[in-house]
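Presented below is the structure to which this report refers.
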Amino acid sequence: MTLSPALLDKAQHWRHQLHREPELGYQEHNTSDLVARELELAGLQVHRGLAGTGVVGTLRNGEGPAIGLRADMDALPINEKGAPQWRSARKGVMHACGHDGHTAILLAAAQQLATTRQFRGTVHFIFQPAEENLGGARKMVEEGLFQRFPVDAVYAMHNWPGLPLGSLAVNTGAMMASLDSFEITLSGKSCHAAMPESGADPVVVAAELILALQTIPSRRLSPLASAVVSVTQIHGGEAINVIPETLVLRGTVRCLQSDVRNKVRGLIEEFVATLPRPFGVSGAIHWFPGYPVTANHAGPAEQVRAVAQQMLGEEQVHWQVNPSMASEDFACMLDACPGAYFWLGADGATPSAPLHNAEYDFNDALIPLGVAFWQRLVEQTLPQT
C-alpha cells in the first residue's frame with residue numbers, strides 16, 4: 001500500500017489550515033466548505049446539512065455492503081499557548097483535541113480510496129460537527145443519518161497522547177465513559193455575615209454536599225464499579241458581608257456501566273433532597289443528560305484489531321485496555337448502529353501535551369498512519385474487487 005507524497009502533503013496542509021482557522025461546534029462553516037469541496041473534487045457524492053454543518057461524502061464502487069467512517073470537526077474554547085507556525089488565528093478558540101487531524105486524515109482517506117477502489121460496496125465518510133459537549137453525533141442520528149446512509153458498521157478513530165506513535169488500542173465493550181451534567185440549586189435565607197443564626201446558609205451546605213457526593217464512588221458503589229462525580233463550578237454571593245440566599249453547584253458524572261449510571265444519579269438526587277434539610281436549606285437538581293457509554297460492538301472491534309495487527313504488528317496493538325473516564329459522543333452512533341471506536345497512539349520521541357491542553361498540537365506523523373489504516377480497514381472489511 002503506497003500513499004503518494006502529494007496526497008500526504010495536501011493532508012498536512014489541510015490540517016494546518018484547519019488548526020489556524022478553528023471553529024466551535026455548529027459553527028464549522030468554513031471547515032464544512034473545505035471538506036465538501038475536496039470530496040467533490042475526488043468524485044464523491046456530497047450531502048450537507050445534517051446537524052447543520054455536518055457533511056457526508058459517499059463513495060460507491062459496485063454492489064456490496066456499506067460502512068461508515070467518522071471524523072469530528074469542531075474546536076474548543078481555549079486560548080492556544082503553543083507557538084506552531086499554524087497557531088490559531090482566532091482568539092479563544094483552538095484545536096486542542098486533534099479534530100483538525102482527524103478531519104484531514106479522513107479527507108485524505110476518501111481521496112485515496114476514490115483513486116484505488118480496491119473494494120466492492122459503499123463507504124460513507126461522515127464529518128461530524130459539535131463533538132465537544134454539544135452532541136453533534138446525536139443530532140446527526142436524530143436527523144436520519146443511518147436512515148439516509150445505512151451502514152453495516154460505523155468506525156471512528158481518535159489520536160491518543162499517552163500511547164506511543166505506531167500503536168493502537170481497542171476494546172470490545174467500553175472505551176469511554178458516559179457523561180451527565182447537573183446543576184444543583186441550594187436555597188436558604190440571606191442574612192448578615194455576622195449574624196448567621198438569623199438566616200440559613202447555603203454556602204455551608206454546599207461544602208458539606210460536595211464532600212458527601214465524593215462518598216458515592218468510594219462508599220456507595222462496589223470497588224469494581226467505575227464512576228467519577230466532579231463538582232466543577234460554585235456560584236453564589238455578591239457582598240463579602242452577606243450570606244447569600246442561593247448558591248448553585250454544577251458538575252459532571254461519568255460511568256462505565258449503565259446500571260451504575262442510574263444508581264449514581266439516584267444517590268445524588270437523594271443527597272440533594274435530604275442533606276440540606278437540617279440546615280434549613282432546600283436543594284433541587286436539574287440534569288443535562290449527555291452521552292451514553294462509548295461501547296464497542298464485538299465484531300467491528302475484532303475487525304479493527306485484526307487490521308491493526310496486520311498493519312502495525314501484534315505487539316503494537318493494545319487489546320482490552322482500561323477505558324477512559326472521559327466521554328465521546330460517537331457513543332450515540334454506536335447506540336444506533338454496530339461499530340467500533342479506537343485510539344491511535346500520538347506520542348513521538350517527546351510525549352504529546354494532553355488533550356484539551358492549551359499547549360496541545362496534533363502530531364502530523366499520525367497522518368500517513370491514519371490514512372493507511374482507514375484504507376486497509378475498508379479494503380479488508382468490504383469484499384475485494
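The values are calculated or read from the model by the stated rules, or taken from the named source; none is laboratory data. If you're wondering where the values come from, they're calculated on a predicted model, not measured in any experiment. No Cβ is skipped: glycine too gets one built from the backbone with ideal geometry, and neighbour counts run over all protein chains shown. Accessible surface areas use protein heavy atoms only, side chains included; no ligands, DNA or RNA. Shrake-Rupley method; radii C 1.70, N 1.55, O 1.52, S 1.80 Å.
Which of the residues spanning the stretch 67-93 are aromatic (Phe, Trp, Tyr) and open to solvent by less than 10 Å² (accessible area, probe 1.4 Å)?
none
Right, residue 227: closer than 18 Å to residue 326 by Cα, among the hydrophobic types (A, V, I, L, M, F, W, C) and not assigned by the TED database to the domain that holds residue 133 or not?
Considered against the rule, which asks whether it is closer than 18 Å to residue 326 by Cα, among the hydrophobic types (A, V, I, L, M, F, W, C) and not assigned by the TED database to the domain that holds residue 133, residue 227 comes out as yes.
From 325, 311, grab the single residue that is more than 17 Å from the chain's Cα centre (by Cα), open to solvent by 40 Å² or more (accessible area, probe 1.4 Å) and in the same structural domain as residue 170 (by the TED database).
The conditions single out 311.
What residue, among those in the stretch 338-359 that are surrounded by fewer than 24 Cβ atoms within 10 Å (Cβ to Cβ) and among the hydroxyl-bearing types (Ser, Thr, Tyr), is modelled with the highest pLDDT?
So the residue we want is 352.
Mind checking whether some residue in the stretch 245-253 is open to solvent by less than 30 Å² (accessible area, probe 1.4 Å), modelled with pLDDT of 95 or more, within 11 Å of residue 202 (Cα to Cα) and more than 31 Å from the chain's Cα centre (by Cα)?
no
Tally time: how many residues in the stretch 162-204 are of a type in the set (A, V, I, L, M), crowded, with 20+ Cβ neighbours inside 10 Å and in a loop (DSSP other than H, G, I, E, B)?
2
Checking residue 215 against (1) in contact with a helix residue (DSSP H, G or I) (Cβ under 7 Å, 6 or more places away or on another chain); (2) without any contact (Cβ under 8 Å) to a residue 40 or more places away in the chain, only one condition comes out false. Which one?
(1)
Determine if the stretch 36-51 includes at least one residue that is open to solvent by 10 Å² or more (accessible area, probe 1.4 Å), part of a strand (DSSP E or B) and either within 24 Å of residue 159 (Cβ to Cβ) or modelled with pLDDT under 95 (or both).
Within the stretch 36-51, none of the residues are open to solvent by 10 Å² or more (accessible area, probe 1.4 Å), part of a strand (DSSP E or B) and either within 24 Å of residue 159 (Cβ to Cβ) or modelled with pLDDT under 95 (or both).
For residue 67, are the conditions met, namely being more than 17 Å from residue 14 (Cβ to Cβ) and modelled with pLDDT of 95 or more?
Taking the combined requirement at face value, the residue satisfies it.
List every residue pair whose Cβ atoms lie under 7 Å apart, where the two residues are 6 or more positions apart in sequence or sit on different chains, the first residue falls within the stretch 281-301 and is surrounded by 15 or more Cβ atoms within 10 Å (Cβ to Cβ), and the second residue, located anywhere, is aromatic (Phe, Trp, Tyr).
If the second residue must be aromatic (Phe, Trp, Tyr), the pairs left are 285/182; 294/330; 294/341; 296/341; 300/155.
Taking into account only those residues within the stretch 264-307 that are in contact with a Lys or Arg (Cβ under 9 Å, 6 or more places away or on another chain) and part of a helix (DSSP H, G or I), which is nearest to residue 378 (Cα to Cα)?
307
Given the conditions (1) within 20 Å of residue 374 (Cα to Cα); (2) open to solvent by 20 Å² or more (accessible area, probe 1.4 Å), report the number of the one that residue 27 does not fulfil.
(1)
Which residue is farthest from residue 99 (Cα to Cα), if the candidates are limited to the stretch 119-155 and must be part of a loop (DSSP other than H, G, I, E, B) and open to solvent by 30 Å² or more (accessible area, probe 1.4 Å)?
120
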